[in-house]
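Data block below; observations after.
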Amino acid sequence: MTPPTSTPEIPAPGIPDGAPPATLAAALASPRADEITASAAVLRRAGLLGPDIHVSYFGLLDQDKRELLAGSIAARRFRAMLIDLRSGASWDVVVCPDEDRIVSTELDVATDGHVPVVIAEFSLVEQIVHRDERWLAAMRKRGLTDLSQLRVNPLSAGAPGEGEAGLRLQRCFTFVQKTPDDLGWAHPVDGVTAIVDVVAREVRDVIDYADLPVPAEDGNYHDPAWTGLPPRAGLKPIEITQPEGPSFTIDRDGVVSWLGWTFQVGFDQREGLVLRNIAIDDAGTRRSVLYRASIAEMTVPYGEPSPQRWFQNFFDCGEYLLGGFANSLELGCDCVGEITYLDVVLADSAGHTDNWNGSSESRRNRRLVVSFFVTVGNYDYGFYWYFTLDGAIELEVKATGVVFTSAHPGPGYEFASELAPGLGAPYHQHLFSARLDMMVDGVDNAVDEVEAVLVPRGPRNSTGSGFTQSVTRLRTESGAQRLADNTRNRSWLVTNPSVTNRLGGPVGYMLHPEGRPVLLADEESDIFRRATYATRHLWVTPYAPDENYPAGDLVNMHPGGAGLPAWTAADRDVDGTDIVLWHTFGLTHFPRPEDWPVMPVDSTGFVLRPYGFFDRNPTLDIPASIGDHCHPTGHHHEPGDHDHEGSTA
Ligand SMILES: [Cu+2]
């Protein structure tokens, strides 16, 4: 890497003039526009903002949880990752706008991995590739000479290859886009990869390894003329109203109160939605469940090992900043750091009829939806956190958009589906890591693995039909690296061993995994080393303020080994201490013809359900259902079996 031409001068710490936030919620609220503007001013004064220096990440640096919970609240600090695309220098800066100073600066942080991709790199790449003689020759060979139709698709580079250590690269595919409205994903120019050094602004290499025809059929689903179908008749409108308004309130710090639930909604550029201090009311007592919950990483590894595609393993949080502001972040711009809440309110009913007493009285469940939607490249992801009155917390991630395409070599090809004539979609996974900083009735928690098991035939089980639960405490970090097993209903119970319910059992919340495949790659592969977090459904670590990202902090082009595998090598104790659960879940996607040209929603997630946390069903005080829309029989659901209320960030 080229050293920076001059090291920016860091001003001496000034006299603090800002008062620390008054409350925990104020300390943890999302960055405000005035804080971003003030931070930008501090950075600019230090020479750390300018035409060539781009903001790669900006976000709240959470104060140490232990200090905050002890009531010691400090002035808010923010973390800025910066990249000079002329020199290649990068900085990791902590800034305190209230004290008008930079707290710390690390220069050239990119030794193993790089700071996340910035949008300027994407826009640079097409011009650079369009000028390269080797790439032009590869296109000419395929009869492609109209540059205005050739879209260069920059992609995070994966692990560094031979001689690439320290370089900031994008690996690029080409697609044909016949007109500005044409869906380019329908026409991949497969077999050609251009490797671009975004700092040197040159193409390092062009790999031209296979000559596959460019799929010809269009995929312009937005054009009625292309589908050739008249609009389907009979679709009647659904109207949803809450005549008395929503049942939730949101305060200025993003704290939501809803029918006994309270939590703080935040937004981070890297993780997207962050939910903090989730608690539920239990007969007048506010009881904590989670200190912080977010999607801390997600990876989309592709299973086609060809020379063109081996590197395609996108880390949408660590490389691309899932939160979505990466696309337009300019410090000081008003559109950053503000959260808009939209009410998306749906109401429907569900009843329960008891077989024994004939009572059809029900306690309708209702759920609050907190959601956000991002577009990362070709894919769209919706993240829906559901809170229900029965105390459950569920995350549903919905995937839609356009699948990543290739040329399909023909029948029998083992690494991709054929979606349209000659058009392929390589098999891939979408693997998410939920970071769940648990706080079940207090910070000191433990995890038990709970399984369904047969009782051996014998005096205790003379008929052979006996089965029971086995409960195994996960005591250390190494012992707590677990795979799901749906054949045994394996679940993980997070308890507070020092708090018991009225039956004498520990209070707890059960994590129910979906138990779908973890990372499908062998241990020697670079993606196994880079996304080791995704090789287990569960990890448990003791809380540490700097352990936030399961694939490591600087994921972009990192060779691997960072994050969970590095931290857990210490094999710390996780039994009855302040613990964080890391839960891997996701989809293994073998694309269908029906996924083309735009994919119907597929979904994945997990559920956290109270398990002995309450002494009985916590919804008994919900008034019985009334209203002529709630018949005891013959009800139908459209679209769900809960009442919904929503808040969208
Ligand atoms: Cu997919």
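Between the alpha-carbon centers of the stretch 510-535 and the stretch 70-147, tell me the distance in whole angstrom.
Rounded to whole Å, the Cα centres lie 28 Å apart.
Which sequence of K236, K141, K65, K398 reflects their accessible areas, 1.4 Å probe, from the largest down?
K236, K141, K398, K65
Show E319, E162, E414 ordered by accessible area, largest first, where the area counts protein heavy atoms only and the probe is 1.4 Å.
Ranked from most to least accessible, the order is E162, E414, E319.
At what distance in nm do the modelled label points of S257 and T468 sit from each other, each positioned 7 Å from its Cα along Cα→Cβ?
4.6 nm
How much accessible surface area, in Å² rounded to 10, belongs to the heavy atoms of D546 with a 1.4 Å probe?
The accessible area comes out at roughly 120 Å².
Run the 1.4 Å probe and let me know the accessible area of V103, rounded to the nearest 10 Å².
We get 50 Å² for V103.
I280 accessible area, nearest 10 Å², 1.4 Å probe?
Rounded to the nearest 10, that gives 10 Å².
Count the net charge of all other residues whose Cβ sits under 13 Å from the Cβ of S288, scoring Lys and Arg as +1 and Asp and Glu as -1.
It works out to a net charge of -1.
Roughly how many nanometres apart are two label points built 7 Å out from the Cα toward the Cβ at N378 and V601?
2.2 nm
Given the DSSP H assignment, sum -39500 (n - 2.57) over each helix run of at least 4 residues in the chain and divide by its residue total; what's the result at 222 nm in deg cm²/dmol, nearest 500?
-2000 deg cm²/dmol
Loop only by DSSP, 12 or fewer other Cβ within 10 Å of the Cβ. Give me the trypsin sites (Lys or Arg not before Pro) in the stretch 181-244 that pass, ordered by residue number.
Here the sparse-neighbourhood loop sites are R232.
Let me have the relative contact order for the chain, percent, based on Cα pairs under 8 Å that are six or more residues apart.
15 percent
Cross-link candidates for K178: which lysines have Cα within less than 21 Å, leaving aside residues fewer than 8 places away along the same chain?
Output for K178: K141.
Among T179, T405, what's the order by accessible area (1.4 angstrom probe), most exposed first?
Correct descending sequence by accessible area is T179, T405.
The values are calculated or read from the model by the stated rules, or taken from the named source; none is laboratory data. Values in this document were obtained by computation on a predicted structure and should not be read as measured data. FYI the Cβ positions are ideal-geometry reconstructions off the backbone, even for glycines, and counts take in every protein chain you see. Only protein heavy atoms, including side chains, enter the accessible area calculation; ligands, DNA and RNA are left aside. Shrake-Rupley method; radii C 1.70, N 1.55, O 1.52, S 1.80 Å.
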